[in-house]
Structures are given as structure tokens and as C-alpha cells.
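Just so you know, all these numbers are worked out from the coordinates, no wet-lab data involved. Small disclaimer: the values here were computed from a predicted structure and weren't measured. So basically every Cβ, Gly included, is an ideal-geometry build from the backbone, and we count neighbours across all protein chains shown.
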Amino acid sequence: MQRIVFAAALALAAAGAALGQEPPLKTGVDATFAPHAMPKLSGGIEGFNVDLANEIAKRLHRGIEIDATQFSGLLPGLQAGSYDFIAAPTTVTKERAENMLFTEGYLNTDFQFVVKKDTPDIKALEELKGKTIAVNKGAVYDSWARDLAEKIGWTVESYGTNTDAIQAVISGRAYANVAGNTASAWAVKNNLAIKLSYLYSTGLVWAAPVRKDNVALRNKLELAIECMKKDGTLGKMHERWFSTAPAPDSAAAVIFPGSGVPGMPGYDPTPHELTCS
């Protein structure tokens, strides 16, 4: 049976090549980072970024293969050629933008701390001196927390998934977890043992990265995302997964000039026509 399926797949691929069709896009998500990507009870994965990836592929008239793996392997996989772009929420930082090309932002990302339900609310980072902070290994929260370790005086423990980092808080192995505000809100919504605490406003956005030499794909992804903003598709996805409409001045609603994230390396200010089909 496996040989028959494989032979059929080869036949379909050959037929697609004969018709001049492009191969499926290859991308990846962290399937433990709810509500952006998570397992479905019926099998497979679902979430905001899964919908985003599928909608992008639809608008580019391409198939798509979404790999579910740990976040720490996604960006190295992109650079190694295993992925065409990364669908997982990826915070645009100067360091990352020097090594990859990004689309414009599609969501704002702030950092939010999660603590056990009976823990006093955190009102300032300095209150976490001497505490252990759990983070998702390889995520921007990991490097951010480690950069502040000496200044704040906290200890950072990295975990393979944010779910494991949350569990470290519940079990008492860590005092707090820090992650994106949307993921933190989802975790708290589904676990009565924890609550939201201090919100750290970053001014940063999530965007889709591609390899630095793939300007053509970045520009195609850029147009797809802009069209999703223009026709309200991105707003509807925002309401479905986050239960609120995006703010009019947020990255989920604003179509930015040029291509990429303004102010970051790799940004191209050249105007382009927005033609949506």
C-alpha cells in the first residue's frame, strides 16, 4: 500500500511539473503554541498561524506542507533549506532581520508573564529578582530574558515547548513563564491553576521570515498578507482565535508602505501596487 501511495504521489508531482505548477510551499509551526498552532481532537493541527499559512498558500495558488516541530528547530531549518518560510509566530528583531528577510508584521507581540493563581501580581520586572523564569527554548522570550538576567537577577530555564514552560510554573519549578501575550492568554483561559500577570510592551511585531536570498517569495508573501488585511480576512481570523477584533492601528489591520518591517534591516521602501484577486 505504501508503494502505491508513493507511486501516486510521484505521478501527481510529475503531472504538476508538466503543467508548470509550482511545488507545495514548505513551512513549519510549533504545534504546542496555542492558539497559534495546536493539535486537533480529530487529528492534525489548527490555530491562527495554521489558518494564516493555508490562506497564504491559497492566495499564491500553491499547495502547502506544514511541519509541526519545536520552535528551536524552525529558523535553523529555514536557513538549511528545509522550509520556504516560517509560519510560526516569529518576532522581528534587528539580529534576526540581519540574517533573514521578513514580510510586514501581521500581529503585534507583547510579552506577558504567567504565574500561579495564588501568586501576588507582578508590577515591575525588578520584583522578579532571585526568581526562576521559564521560557520556550529558542524563542525571542528566551534571548530577551537571558539578556536581562544579570540586570534583573533572575534565573532563566529553557524548555522545548511553551507548554512545558507553563508546567514548570504549575509544578513550582519556576516562578513565572514569559511568552507572547496571545499565547499566555490562551494558556490561562484553559488552566485554572495559573493567571496573567505583568505585561511588557515591546513595540515589536510578528512577521513571516524567508531566506535572505529569496526576495521574490518575501514579496509574494507580503502581498498575500496585505490583501488579507485589505479584505478583512486577517481581522476575521483574529476574532476567531483571540475573541476580539484587531485594533485599527495594530499590525493586523494596518497595511504598511514598502515591503518588510519599517526600521528593520531588509526593509524595502519601494512602493508596490496592491492587486488582490
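Can you name every one of the strands (runs of 3 or more DSSP E) wholly within region 162-223 that holds 3 or more residues which are out of contact with any helix residue (DSSP H, G or I) (no Cβ under 8 Å at 6 or more places or on another chain) and under 29 Å from T103 (Cα atoms)?
Working: elements: 176-180, 194-207, 209-211.
Answer list for region 162-223: 194-207.
For region 43-83, filtering for residues that are touching a helix residue (DSSP H, G or I) at 6+ places or on another chain (Cβ under 6 Å) and either among the β-branched types (V, I, T) or farther than 19 Å from L234 by Cβ (or both) leaves 4. What are the residues in region 218-270 that are closer than 30 Å to V188 by Cα and acidic (D, E), if any? Within region 218-270, E239, D249 meet the criteria. For region 103-143, filtered to residues that are without any contact (Cβ under 8 Å) to a residue 60 or more places away in the chain and part of a strand (DSSP E or B), the residue that is farthest from L75 (Cα to Cα) is T132. Please go through region 149-163 and give me each residue that is surrounded by fewer than 16 Cβ atoms within 10 Å (Cβ to Cβ) and out of contact with any Lys or Arg (no Cβ under 8 Å at 6 or more places or on another chain), ordered by number. Selection gives A149, E150, K151.
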